[in-house]
Amino acid sequence: MYFLYDLAVFFVWNILKLIALGNPGIRKFVIGRKNTIPYLKRMRDPEKPLIWIHTASLGEFEQGSPVLDKLFQAYPNYQFLVTFFSPSGYEVKKDALSPHLVAYLPMDSSWNTATFLSVVHPEIALFVKYEVWPGLYRQMARQKIPILLISAIFRKRQAYFKWYGGLLRAALRRVNHFYVQDSRSKKRLRSLGIKRVTVSGDTRFDRVLEVSNTADPLPFMDAFKGNRKCFVAGSSWPVDHRLIAPYINQAGDGQCFVLAPHKIDPKTIDELEHLLKKKTIRYSSRKAGGLEEASVLILDTIGLLSRTYPYAEIAYVGGGFATGLHNTLEPAVYGIPILIGPGFQGFLEAEALVRAGGIQVVHNTGDFTTAMQGLFESPEMRSEMGDINSRYIHKHKGASDTIVSGVRSLLG
(Lines give C-alpha, C1' and ligand atoms only; values in the text may rest on other atoms or scores of the structure.)
Protein backbone atom coordinates (compact mmCIF):
# COMPACT_ATOMS: atom_id res chain seq x y z
CA MET A 1 0.00 0.00 0.00
CA TYR A 2 2.82 2.43 0.86
CA PHE A 3 4.50 1.65 -2.46
CA LEU A 4 1.36 2.85 -4.24
CA TYR A 5 1.21 5.88 -1.96
CA ASP A 6 4.82 6.78 -2.82
CA LEU A 7 3.98 6.36 -6.49
CA ALA A 8 1.03 8.74 -6.12
CA VAL A 9 3.18 11.33 -4.31
CA PHE A 10 5.83 11.06 -7.06
CA PHE A 11 3.16 11.56 -9.73
CA VAL A 12 1.64 14.59 -7.96
CA TRP A 13 5.07 16.17 -7.46
CA ASN A 14 5.91 15.96 -11.13
CA ILE A 15 2.54 17.37 -12.11
CA LEU A 16 3.13 20.27 -9.73
CA LYS A 17 6.52 20.93 -11.31
CA LEU A 18 4.81 21.27 -14.69
CA ILE A 19 2.10 23.54 -13.32
CA ALA A 20 4.80 25.65 -11.64
CA LEU A 21 6.06 26.77 -15.03
CA GLY A 22 3.02 29.00 -15.39
CA ASN A 23 1.79 29.48 -11.82
CA PRO A 24 3.78 31.72 -9.42
CA GLY A 25 2.16 30.26 -6.30
CA ILE A 26 2.94 26.67 -7.26
CA ARG A 27 6.42 27.76 -8.33
CA LYS A 28 7.10 28.93 -4.76
CA PHE A 29 5.70 25.61 -3.49
CA VAL A 30 8.13 23.65 -5.69
CA ILE A 31 11.28 25.79 -5.40
CA GLY A 32 10.85 26.17 -1.66
CA ARG A 33 10.88 22.41 -1.18
CA LYS A 34 14.02 22.04 -3.26
CA ASN A 35 15.75 24.37 -0.80
CA THR A 36 14.49 22.71 2.40
CA ILE A 37 17.21 20.11 2.97
CA PRO A 38 20.18 22.39 2.07
CA TYR A 39 18.74 25.06 4.39
CA LEU A 40 18.29 22.61 7.27
CA LYS A 41 21.75 21.11 6.84
CA ARG A 42 23.17 24.61 7.07
CA MET A 43 21.08 25.86 10.01
CA ARG A 44 20.46 22.79 12.18
CA ASP A 45 22.64 22.86 15.30
CA PRO A 46 23.51 19.22 16.08
CA GLU A 47 24.46 20.16 19.64
CA LYS A 48 20.90 21.14 20.51
CA PRO A 49 17.77 18.97 20.79
CA LEU A 50 14.95 20.15 18.55
CA ILE A 51 11.19 20.59 18.91
CA TRP A 52 9.28 20.62 15.63
CA ILE A 53 5.89 22.24 15.01
CA HIS A 54 4.16 21.77 11.66
CA THR A 55 1.25 23.83 10.35
CA ALA A 56 -0.50 23.84 7.00
CA SER A 57 -0.67 27.59 6.49
CA LEU A 58 -0.85 30.97 8.19
CA GLY A 59 -4.14 30.38 10.00
CA GLU A 60 -2.93 27.12 11.50
CA PHE A 61 0.33 28.80 12.49
CA GLU A 62 -1.66 31.36 14.47
CA GLN A 63 -3.35 28.40 16.14
CA GLY A 64 -0.03 26.82 17.08
CA SER A 65 1.72 30.05 17.98
CA PRO A 66 0.78 30.13 21.70
CA VAL A 67 2.17 26.61 22.12
CA LEU A 68 5.38 27.56 20.30
CA ASP A 69 5.85 30.60 22.53
CA LYS A 70 5.30 28.66 25.75
CA LEU A 71 7.59 25.83 24.69
CA PHE A 72 10.30 28.33 23.74
CA GLN A 73 10.11 29.75 27.26
CA ALA A 74 10.11 26.27 28.84
CA TYR A 75 12.98 24.89 26.73
CA PRO A 76 15.43 27.75 26.09
CA ASN A 77 18.27 25.36 25.22
CA TYR A 78 16.32 23.69 22.42
CA GLN A 79 16.24 24.59 18.76
CA PHE A 80 12.79 25.01 17.23
CA LEU A 81 11.66 24.21 13.70
CA VAL A 82 8.41 25.49 12.19
CA THR A 83 7.34 23.95 8.88
CA PHE A 84 4.56 24.96 6.51
CA PHE A 85 2.79 23.09 3.76
CA SER A 86 1.65 26.12 1.76
CA PRO A 87 3.47 29.21 0.47
CA SER A 88 0.86 31.50 2.04
CA GLY A 89 2.19 30.56 5.47
CA TYR A 90 5.86 30.14 4.66
CA GLU A 91 6.27 33.36 2.68
CA VAL A 92 4.78 35.47 5.47
CA LYS A 93 6.74 33.87 8.31
CA LYS A 94 10.07 32.79 6.80
CA ASP A 95 11.87 35.93 8.03
CA ALA A 96 9.68 36.70 11.04
CA LEU A 97 10.31 33.83 13.46
CA SER A 98 13.98 34.20 14.36
CA PRO A 99 15.68 32.44 16.10
CA HIS A 100 13.45 29.55 15.00
CA LEU A 101 14.12 27.60 11.81
CA VAL A 102 11.39 27.95 9.17
CA ALA A 103 11.03 25.58 6.22
CA TYR A 104 8.59 23.82 3.91
CA LEU A 105 7.37 20.33 4.75
CA PRO A 106 8.81 17.94 2.13
CA MET A 107 6.47 15.93 -0.08
CA ASP A 108 5.29 12.85 1.79
CA SER A 109 7.30 10.08 0.09
CA SER A 110 9.43 7.52 1.94
CA TRP A 111 12.67 8.96 0.55
CA ASN A 112 11.80 12.58 1.32
CA THR A 113 10.61 11.94 4.85
CA ALA A 114 13.57 9.69 5.72
CA THR A 115 16.01 12.31 4.43
CA PHE A 116 14.22 15.10 6.26
CA LEU A 117 14.19 13.27 9.60
CA SER A 118 17.84 12.28 9.25
CA VAL A 119 18.75 15.98 9.10
CA VAL A 120 16.28 17.33 11.65
CA HIS A 121 16.38 14.62 14.39
CA PRO A 122 13.41 16.04 16.35
CA GLU A 123 12.83 15.05 19.96
CA ILE A 124 9.10 15.51 19.45
CA ALA A 125 6.77 16.79 16.72
CA LEU A 126 3.50 18.71 17.07
CA PHE A 127 1.09 18.81 14.13
CA VAL A 128 -1.68 21.42 14.16
CA LYS A 129 -5.35 20.66 13.50
CA TYR A 130 -5.67 18.59 10.29
CA GLU A 131 -2.05 17.78 9.41
CA VAL A 132 -1.90 13.98 9.14
CA TRP A 133 0.73 12.56 6.76
CA PRO A 134 0.83 8.75 6.35
CA GLY A 135 4.38 8.49 5.02
CA LEU A 136 5.90 10.87 7.54
CA TYR A 137 4.03 9.38 10.50
CA ARG A 138 5.22 5.91 9.46
CA GLN A 139 8.85 7.02 9.38
CA MET A 140 8.53 8.81 12.72
CA ALA A 141 6.96 5.78 14.39
CA ARG A 142 9.87 3.65 13.15
CA GLN A 143 12.29 6.11 14.76
CA LYS A 144 10.18 6.37 17.93
CA ILE A 145 9.72 10.13 17.57
CA PRO A 146 6.66 11.18 19.63
CA ILE A 147 3.83 12.67 17.56
CA LEU A 148 1.19 15.01 19.00
CA LEU A 149 -1.81 16.27 17.05
CA ILE A 150 -2.99 19.51 18.67
CA SER A 151 -6.11 21.66 18.36
CA ALA A 152 -7.45 18.80 16.26
CA ILE A 153 -11.06 18.47 15.20
CA PHE A 154 -12.73 15.44 13.64
CA ARG A 155 -15.95 15.38 11.66
CA LYS A 156 -17.96 12.46 10.30
CA ARG A 157 -17.43 13.50 6.69
CA GLN A 158 -13.62 13.13 6.93
CA ALA A 159 -11.85 10.27 5.18
CA TYR A 160 -10.80 8.65 8.47
CA PHE A 161 -14.39 7.51 8.95
CA LYS A 162 -14.99 6.28 5.39
CA TRP A 163 -14.33 2.87 3.86
CA TYR A 164 -11.48 4.28 1.76
CA GLY A 165 -9.63 5.94 4.67
CA GLY A 166 -7.50 2.99 5.75
CA LEU A 167 -4.13 4.65 5.15
CA LEU A 168 -5.16 7.72 7.11
CA ARG A 169 -6.56 5.62 9.95
CA ALA A 170 -3.23 3.80 10.14
CA ALA A 171 -1.50 7.19 10.43
CA LEU A 172 -3.81 8.27 13.25
CA ARG A 173 -2.96 5.16 15.23
CA ARG A 174 0.70 6.22 15.19
CA VAL A 175 -0.04 9.47 17.06
CA ASN A 176 1.12 9.35 20.66
CA HIS A 177 -1.53 11.74 21.92
CA PHE A 178 -4.38 13.84 20.55
CA TYR A 179 -5.38 17.22 21.97
CA VAL A 180 -8.79 17.86 20.45
CA GLN A 181 -11.09 20.85 20.41
CA ASP A 182 -14.31 19.17 21.53
CA SER A 183 -15.86 16.04 23.01
CA ARG A 184 -17.38 15.05 19.66
CA SER A 185 -13.89 14.66 18.23
CA LYS A 186 -12.92 12.48 21.17
CA LYS A 187 -15.93 10.22 20.59
CA ARG A 188 -15.12 9.90 16.89
CA LEU A 189 -11.56 8.86 17.66
CA ARG A 190 -12.83 6.33 20.20
CA SER A 191 -14.98 4.85 17.42
CA LEU A 192 -11.66 4.00 15.71
CA GLY A 193 -10.33 2.44 18.90
CA ILE A 194 -8.10 5.44 19.70
CA LYS A 195 -8.14 6.37 23.39
CA ARG A 196 -5.05 8.56 23.81
CA VAL A 197 -7.14 11.73 23.65
CA THR A 198 -7.48 14.87 25.77
CA VAL A 199 -10.19 17.46 25.18
CA SER A 200 -8.00 20.54 25.58
CA GLY A 201 -9.99 23.05 23.56
CA ASP A 202 -8.79 25.36 20.81
CA THR A 203 -5.47 27.20 21.12
CA ARG A 204 -6.88 30.04 19.02
CA PHE A 205 -8.54 31.37 22.19
CA ASP A 206 -5.12 31.76 23.78
CA ARG A 207 -3.81 33.35 20.61
CA VAL A 208 -6.46 36.05 20.32
CA LEU A 209 -6.09 36.88 24.01
CA GLU A 210 -2.33 37.15 23.56
CA VAL A 211 -2.76 39.46 20.56
CA SER A 212 -5.33 41.62 22.34
CA ASN A 213 -3.03 42.06 25.34
CA THR A 214 0.11 42.90 23.38
CA ALA A 215 -1.04 44.67 20.21
CA ASP A 216 0.21 48.23 19.73
CA PRO A 217 -2.27 50.94 18.70
CA LEU A 218 -2.53 51.95 15.06
CA PRO A 219 -2.03 55.70 14.57
CA PHE A 220 -3.66 55.62 11.13
CA MET A 221 -6.80 54.14 12.71
CA ASP A 222 -6.88 56.86 15.36
CA ALA A 223 -6.70 59.45 12.60
CA PHE A 224 -9.30 57.72 10.43
CA LYS A 225 -11.88 57.01 13.12
CA GLY A 226 -11.77 60.28 15.04
CA ASN A 227 -15.04 60.61 16.98
CA ARG A 228 -17.06 58.48 14.59
CA LYS A 229 -18.58 55.07 15.24
CA CYS A 230 -16.65 52.44 13.31
CA PHE A 231 -17.62 49.24 11.51
CA VAL A 232 -14.91 46.72 10.51
CA ALA A 233 -15.50 43.95 7.96
CA GLY A 234 -12.74 41.34 8.06
CA SER A 235 -11.75 38.72 5.49
CA SER A 236 -14.58 39.79 3.22
CA TRP A 237 -15.32 38.41 -0.25
CA PRO A 238 -17.11 40.02 -3.23
CA VAL A 239 -20.43 38.53 -2.11
CA ASP A 240 -19.92 40.18 1.27
CA HIS A 241 -19.07 43.49 -0.38
CA ARG A 242 -22.32 43.42 -2.34
CA LEU A 243 -24.16 42.82 0.93
CA ILE A 244 -22.43 45.64 2.81
CA ALA A 245 -22.11 48.38 0.18
CA PRO A 246 -25.79 49.52 0.08
CA TYR A 247 -25.72 50.27 3.80
CA ILE A 248 -22.42 52.15 3.56
CA ASN A 249 -23.70 54.26 0.67
CA GLN A 250 -26.64 55.58 2.70
CA ALA A 251 -24.91 55.84 6.11
CA GLY A 252 -24.66 59.13 7.99
CA ASP A 253 -21.52 61.16 8.60
CA GLY A 254 -21.13 59.86 12.15
CA GLN A 255 -20.16 56.39 10.92
CA CYS A 256 -16.99 55.14 9.24
CA PHE A 257 -16.11 51.80 7.69
CA VAL A 258 -12.99 49.65 7.42
CA LEU A 259 -13.06 46.86 4.84
CA ALA A 260 -10.32 44.21 4.89
CA PRO A 261 -10.86 41.95 1.86
CA HIS A 262 -9.58 38.40 2.00
CA LYS A 263 -8.05 38.90 -1.44
CA ILE A 264 -6.18 42.14 -2.08
CA ASP A 265 -5.40 41.78 -5.77
CA PRO A 266 -6.03 44.90 -7.90
CA LYS A 267 -9.17 43.46 -9.52
CA THR A 268 -10.85 42.77 -6.15
CA ILE A 269 -9.95 46.20 -4.76
CA ASP A 270 -11.10 48.00 -7.93
CA GLU A 271 -14.42 46.15 -7.92
CA LEU A 272 -14.95 46.98 -4.26
CA GLU A 273 -14.28 50.68 -4.81
CA HIS A 274 -16.71 50.65 -7.74
CA LEU A 275 -19.51 49.54 -5.37
CA LEU A 276 -18.93 52.43 -2.96
CA LYS A 277 -20.29 55.94 -3.37
CA LYS A 278 -18.70 57.32 -0.21
CA LYS A 279 -15.22 58.88 -0.15
CA THR A 280 -12.82 55.94 0.00
CA ILE A 281 -9.11 55.65 0.70
CA ARG A 282 -6.78 52.68 0.44
CA TYR A 283 -4.32 51.86 3.21
CA SER A 284 -1.54 51.91 0.61
CA SER A 285 -2.45 55.54 -0.27
CA ARG A 286 -2.82 56.86 3.28
CA LYS A 287 0.45 58.85 3.27
CA ALA A 288 -1.01 61.14 0.64
CA GLY A 289 -3.50 62.34 3.27
CA GLY A 290 -7.28 62.27 3.39
CA LEU A 291 -7.81 59.73 6.19
CA GLU A 292 -9.95 62.12 8.23
CA GLU A 293 -12.12 63.05 5.26
CA ALA A 294 -12.70 59.49 4.02
CA SER A 295 -15.72 57.45 5.11
CA VAL A 296 -14.28 54.12 3.99
CA LEU A 297 -10.78 52.73 4.53
CA ILE A 298 -9.81 49.68 2.48
CA LEU A 299 -7.01 47.61 4.00
CA ASP A 300 -5.25 46.51 0.82
CA THR A 301 -2.58 44.78 2.89
CA ILE A 302 -2.29 41.82 5.24
CA GLY A 303 -1.39 41.53 8.92
CA LEU A 304 -3.36 44.48 10.33
CA LEU A 305 -6.88 43.12 10.69
CA SER A 306 -6.62 41.75 14.23
CA ARG A 307 -5.23 45.11 15.40
CA THR A 308 -8.04 46.99 13.66
CA TYR A 309 -10.93 45.24 15.42
CA PRO A 310 -10.44 47.14 18.73
CA TYR A 311 -11.51 50.31 16.93
CA ALA A 312 -14.85 48.79 15.91
CA GLU A 313 -18.28 49.23 17.47
CA ILE A 314 -19.54 46.44 15.18
CA ALA A 315 -17.66 43.75 13.23
CA TYR A 316 -18.55 41.61 10.26
CA VAL A 317 -16.62 38.41 9.49
CA GLY A 318 -16.67 37.27 5.87
CA GLY A 319 -16.90 33.88 4.22
CA GLY A 320 -20.32 32.88 5.52
CA PHE A 321 -21.96 33.02 2.09
CA ALA A 322 -19.71 30.83 -0.03
CA THR A 323 -16.14 30.08 0.92
CA GLY A 324 -16.31 29.12 4.60
CA LEU A 325 -16.50 31.44 7.59
CA HIS A 326 -13.30 33.14 8.70
CA ASN A 327 -12.07 33.80 12.24
CA THR A 328 -14.80 35.17 14.52
CA LEU A 329 -12.60 34.92 17.61
CA GLU A 330 -10.42 37.85 16.50
CA PRO A 331 -13.21 40.44 16.91
CA ALA A 332 -14.99 38.56 19.73
CA VAL A 333 -12.04 39.01 22.10
CA TYR A 334 -12.60 42.78 22.02
CA GLY A 335 -16.17 42.49 23.29
CA ILE A 336 -17.96 43.76 20.20
CA PRO A 337 -21.06 42.42 18.42
CA ILE A 338 -20.44 40.39 15.27
CA LEU A 339 -22.44 39.86 12.08
CA ILE A 340 -21.88 36.86 9.77
CA GLY A 341 -23.46 35.16 6.77
CA PRO A 342 -25.55 31.99 7.11
CA GLY A 343 -22.82 29.42 6.33
CA PHE A 344 -21.43 28.94 9.84
CA GLN A 345 -22.29 25.30 10.52
CA GLY A 346 -19.25 23.29 11.54
CA PHE A 347 -17.49 26.33 13.03
CA LEU A 348 -17.86 25.50 16.71
CA GLU A 349 -17.26 28.94 18.17
CA ALA A 350 -19.64 30.59 15.68
CA GLU A 351 -22.34 28.01 16.40
CA ALA A 352 -21.96 28.62 20.14
CA LEU A 353 -21.99 32.41 19.87
CA VAL A 354 -25.00 32.44 17.53
CA ARG A 355 -26.88 30.36 20.12
CA ALA A 356 -25.71 32.62 22.94
CA GLY A 357 -26.61 35.82 21.08
CA GLY A 358 -23.17 37.40 20.60
CA ILE A 359 -23.22 36.80 16.84
CA GLN A 360 -26.13 37.73 14.59
CA VAL A 361 -26.69 35.99 11.25
CA VAL A 362 -27.71 38.03 8.19
CA HIS A 363 -29.06 36.45 5.02
CA ASN A 364 -29.39 39.41 2.66
CA THR A 365 -28.92 43.16 2.32
CA GLY A 366 -32.19 43.85 4.13
CA ASP A 367 -31.10 41.76 7.12
CA PHE A 368 -27.75 43.50 7.17
CA THR A 369 -29.25 46.99 7.07
CA THR A 370 -31.74 46.16 9.84
CA ALA A 371 -29.01 44.67 12.04
CA MET A 372 -26.65 47.61 11.50
CA GLN A 373 -29.32 50.20 12.22
CA GLY A 374 -30.39 48.40 15.38
CA LEU A 375 -26.85 48.04 16.70
CA PHE A 376 -25.68 51.56 15.88
CA GLU A 377 -28.79 53.01 17.52
CA SER A 378 -28.56 50.87 20.67
CA PRO A 379 -25.42 51.04 22.84
CA GLU A 380 -27.15 48.63 25.20
CA MET A 381 -27.54 45.98 22.50
CA ARG A 382 -23.92 46.42 21.41
CA SER A 383 -22.74 46.07 24.99
CA GLU A 384 -24.87 42.98 25.67
CA MET A 385 -23.71 41.14 22.55
CA GLY A 386 -20.12 42.20 23.09
CA ASP A 387 -20.11 40.97 26.69
CA ILE A 388 -21.36 37.56 25.54
CA ASN A 389 -18.45 37.31 23.10
CA SER A 390 -15.81 38.46 25.58
CA ARG A 391 -16.98 36.06 28.29
CA TYR A 392 -16.95 33.17 25.84
CA ILE A 393 -13.31 33.84 24.90
CA HIS A 394 -12.13 33.97 28.50
CA LYS A 395 -14.10 30.86 29.43
CA HIS A 396 -12.30 28.77 26.78
CA LYS A 397 -8.70 29.88 27.27
CA GLY A 398 -5.96 27.54 28.49
CA ALA A 399 -5.59 24.90 25.76
CA SER A 400 -1.93 25.75 25.16
CA ASP A 401 -1.07 25.19 28.85
CA THR A 402 -2.62 21.72 28.68
CA ILE A 403 -0.63 20.85 25.55
CA VAL A 404 2.66 22.16 26.95
CA SER A 405 2.09 20.06 30.06
CA GLY A 406 1.73 17.02 27.79
CA VAL A 407 4.97 17.86 26.00
CA ARG A 408 6.73 18.16 29.35
CA SER A 409 5.54 14.68 30.32
CA LEU A 410 7.14 13.26 27.17
CA LEU A 411 10.37 15.27 27.18
CA GLY A 412 10.92 15.48 30.92
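The values are calculated or read from the model by the stated rules, or taken from the named source; none is laboratory data. As the structure is a prediction and not an experimental result, all values here were calculated from the model. Every residue, glycine as well, gets a Cβ built from its backbone with ideal geometry; the counts of neighbours run over all protein chains shown. The protein model used for the area step is the full one, side chains on, heavy atoms only, and it has no ligands, DNA or RNA in it. Shrake-Rupley method; radii C 1.70, N 1.55, O 1.52, S 1.80 Å.
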- Answer with yes or no whether LEU272 is open to solvent by less than 30 Å² (accessible area, probe 1.4 Å) and in contact with a His (Cβ under 6 Å, 6 or more places away or on another chain). yes
- Given (1) under 23 Å from the mean Cα position of the chain (by Cα); (2) open to solvent by less than 50 Å² (accessible area, probe 1.4 Å); (3) without any contact (Cβ under 8 Å) to a residue 12 or more places away in the chain, where does GLN181 come up short, assuming only one miss? (3)
- List, please: which pairs have Cβ atoms under 6 Å, are six or more places apart or on different chains, and start with a residue in segment 116-128 that is in a loop (DSSP other than H, G, I, E, B) and end with one that is of a type outside the set (A, V, I, L, M)? PRO122/TRP52; GLU123/PRO49
- Under the condition of being part of a loop (DSSP other than H, G, I, E, B) and among the small types (Gly, Ala, Ser), which residue from segment 279-314 is most open to solvent (accessible area, probe 1.4 Å)? GLY303
- Selected residue (criterion: farthest from SER109 (Cα to Cα)) from residues of segment 7-30 that are surrounded by 13 or more Cβ atoms within 10 Å (Cβ to Cβ) and free of Cβ contacts under 8 Å to residues at least 12 places away in the same chain: ASN23
- Those residues that are touching a helix residue (DSSP H, G or I) at 6+ places or on another chain (Cβ under 8 Å), assigned to a helix (DSSP H, G or I) and aliphatic (A, V, I, L, M), I need them from segment 223-256; list them, please. LEU243, ILE244, ALA245
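Would you call GLY324 surrounded by fewer than 16 Cβ atoms within 10 Å (Cβ to Cβ) and in a loop (DSSP other than H, G, I, E, B)?
yes
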- Flag if LEU192 is under 27 Å from GLU349 (Cα atoms) and within 23 Å of the chain's Cα centre (by Cα): no
